[in-house]
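The values are calculated or read from the model by the stated rules, or taken from the named source; none is laboratory data. Not measured: the values here are computed from a predicted model. Positions of Cβ are generated from backbone atoms using ideal geometry, with glycine treated the same way; all protein chains shown enter the neighbour counts.
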Amino acid sequence: MNTKRIVITGGPGTGKTSIINELTKRNFKCLEEISRQVTLQARKNGVDQLFLKDPLLFSELLLNGRKAQFFEAHDLEDNLVFLDRGIPDVLAYMDFIGDTYADKFTKACEEHKYDQVFILAPWQEIYISDSERYESFDQAIEIHEHLVKTYSRFGYDLIDVPFESVKKRTDFILNCIKYS
């Protein structure tokens, strides 16, 4: 089976998880964002914000997790699998904080290609900070710019998801999927 891997990306607080939850309710296979899992595991190990304390370790854990999700999506044997963020997100965030990274990060983006990428722009009306999201809205805008630049660098034609209700945004995504 030729599984299509569809990424839903965007800066923090743009509604990605809400769309992933809606797709799940509609019986689509979805793989959740793993950065919260990495953050919560680090807290269990006594590190409050691993991203701030050791950004390179945090990024390596994300890279490994997202590569695993890439292969997991294929193994699910569904026509479509949606992923809450993709491998290029790791580089975009590292560029955002000004961190340097090894060639393996770039190589992972070149070797693991997604079929389509949808991007959600920062939307102030729905933006909320929480215990795992430390970025301000202005930083969310800057992260969005890094995401656009990074995905474009690896040859993706990003599809902008309009500001609408979760249902309408999900419908938009489903209507834009290329099945060929």
Query - Any chance D78 is of a type in the set (D, E, K, R), within 26 Å of C176 (Cβ to Cβ) and modelled with pLDDT under 85 - result: yes
Query raised in the report: Does the range 24-33 contain any residue that is farther than 20 Å from E142 by Cβ and aromatic (F, W, Y)?
Result: yes
Query raised in the report: Within the range 93-115, is even one residue surrounded by 15 or more Cβ atoms within 10 Å (Cβ to Cβ), touching a strand residue (DSSP E or B) at 6+ places or on another chain (Cβ under 6 Å), under 30 Å from E164 (Cβ atoms) and among the aromatic types (F, W, Y)?
Result: yes
Query raised in the report: Could you say which residue among T3, T9, T17 is polar (S, T, N, Q), under 22 Å from F154 (Cβ atoms), within 12 Å of the chain's Cα centre (by Cα) and surrounded by 14 or more Cβ atoms within 10 Å (Cβ to Cβ)?
Result: T9
Query raised in the report: Quick check: is even one residue across the range 114-127 out of contact with any Cys (no Cβ under 6 Å at 6 or more places or on another chain), more than 27 Å from K29 (Cα to Cα) and modelled with pLDDT under 95?
Result: yes
Requested in this report: Report yes if some residue within the range 10-32 is under 16 Å from T150 (Cβ atoms) and hydrophobic (A, V, I, L, M, F, W, C); otherwise report no.
Outcome: no
Requested in this report: Report the residue count in the range 1-50 for those that are over 28 Å from N79 (Cα atoms), without any contact (Cβ under 8 Å) to a residue 12 or more places away in the chain and outside any loop (DSSP other than H, G, I, E, B).
Outcome: 3
Report summary line: Apart from one, (1) under 15 Å from the mean Cα position of the chain (by Cα); (2) of a type in the set (A, V, I, L, M); (3) within 15 Å of L174 (Cα to Cα) all hold for L63; the odd one out is (3)
